[in-house]
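Visitor: What follows is a single structure, and I will ask about it in a moment.
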Amino acid sequence: MRPVPTVAAAALALVLLAADARAGDIPNAVLVLETAPGTPGSDPSGAPPRFVLLKDGQAFVGGTSQVDTVQLDKGEAQALRRRADAARKAVGRERSVTLGSGGKTVRLRFGEDPPVEVSLGREAPPVVAGQAPEPISSLVAELLVFQHPGLEPYSPPSYEMRLREGALAGGCRRWNFTFPLAPSVGAARVVTAEQAQGWPTGALPASVCGEDDRRYVLTLRPLLPGEQP
């Protein structure tokens, strides 16, 4: 594990710019993993976190548009928090860590600490017999594919709406929200699940028809309990 070189770090900052835009404040979160969605045509600004663990043991797993949730039992939550503590100690004061080349970049948050940007290799590091696995890579690998038999769909009560000028392939949809379109461009706005009904959510963007043949791109990011944009 070593700090990302200066040039790579600069490129990394550009790649994660969209993640900065979507990262909200999730109260009581002890562990958060964010990663760009891999679905073609997806928009990172609307993607929910890949994984979130709250202090009370409730966990959330985000996909392209849907979020699942499960209440972990005390033992499961404590085991995950111990692994997170080990990864935090391994990171130390570094805010950028590379574990290989040619892979994706993810972002880890430990409680209220600043986020850590982790560059992954295409292949997992080799496991040496009698040696404990590297705590950061093993934690990230597990969270990226986290599964639990108790997972069930989460119905977010609200969404973070973002609207920007731009055109997507295909047609566009008429603006049917109760507030005007123009003041909503370029600003984050919280809308209820009822207001968002019928629109694509998460990293699936929608094309909106504006006046004078202008087109806009709309994303609706699911908000977790107590989260603010």
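The values are calculated or read from the model by the stated rules, or taken from the named source; none is laboratory data. Note that this is a predicted model, so its numbers are computed, not measured. Virtual Cβ from ideal backbone geometry, glycine too; neighbours counted across all protein chains shown.
Visitor: For segment 167-207, which positions are in a loop (DSSP other than H, G, I, E, B) and touching an Asp or Glu at 6+ places or on another chain (Cβ under 6 Å)? Working first, answer last.
Guide: Of the residues in segment 167-207, the ones in a loop (DSSP other than H, G, I, E, B) are 167-172, 175-181, 186-188, 197-201.
188 - this is the single residue of segment 167-207 that is in a loop (DSSP other than H, G, I, E, B) and touching an Asp or Glu at 6+ places or on another chain (Cβ under 6 Å).
Visitor: Grab the strands (runs of 3 or more DSSP E) fully contained in segment 40-140, keeping just those with 3 or more residues being at pLDDT below 95. Don't jump to the end; show me each part of the working.
Guide: Working: elements: 51-54, 58-62, 67-71, 96-98, 102-110, 116-121.
Filter on segment 40-140 gives 96-98, 102-110, 116-121.
Visitor: Separate question: What is the residue count in segment 153-164 for residues that are surrounded by fewer than 11 Cβ atoms within 10 Å (Cβ to Cβ) and either in a strand (DSSP E or B) or of a type in the set (Val, Ile, Thr) (or both)?
Guide: Qualifying residue count for the region: 1.
Visitor: Looking at segment 214-221, can you tell me whether even one residue there is modelled with pLDDT under 95, in the same structural domain as residue 169 (by TED's automatic domain parsing) and farther than 16 Å from residue 48 by Cα? Spell out how you get there, then give the answer.
Guide: Residues of segment 214-221 modelled with pLDDT under 95: 214.
Those left that are additionally in the same structural domain as residue 169 (by TED's automatic domain parsing): 214.
Then drop every residue that is not farther than 16 Å from residue 48 by Cα, which leaves 214.
Yes - at least one qualifying residue is present in segment 214-221.
Visitor: Could I ask something else about it? Among the residues of segment 187-197, are any touching a strand residue (DSSP E or B) at 6+ places or on another chain (Cβ under 7 Å) and over 29 Å from residue 34 (Cα atoms)? Spell out how you get there, then give the answer.
Guide: Of the residues in segment 187-197, the ones touching a strand residue (DSSP E or B) at 6+ places or on another chain (Cβ under 7 Å) are 188-193, 196.
If we keep only those that are over 29 Å from residue 34 (Cα atoms) too, we end up with none.
No.
Visitor: Taking residue 209, is it free of Cβ contacts under 8 Å to residues at least 40 places away in the same chain and in contact with a Cys (Cβ under 6 Å, 6 or more places away or on another chain)? So that I can check it myself, show each step before the final result.
Guide: Details: free of Cβ contacts under 8 Å to residues at least 40 places away in the same chain: yes; in contact with a Cys (Cβ under 6 Å, 6 or more places away or on another chain): yes.
So residue 209 passes the test.
Visitor: Could you tell me which residue of segment 186-219 is surrounded by the fewest Cβ atoms within 10 Å (Cβ to Cβ), considering only residues that are closer than 18 Å to residue 65 by Cα and of a type in the set (Val, Ile, Thr)?
Guide: Among them, the one singled out is 192.
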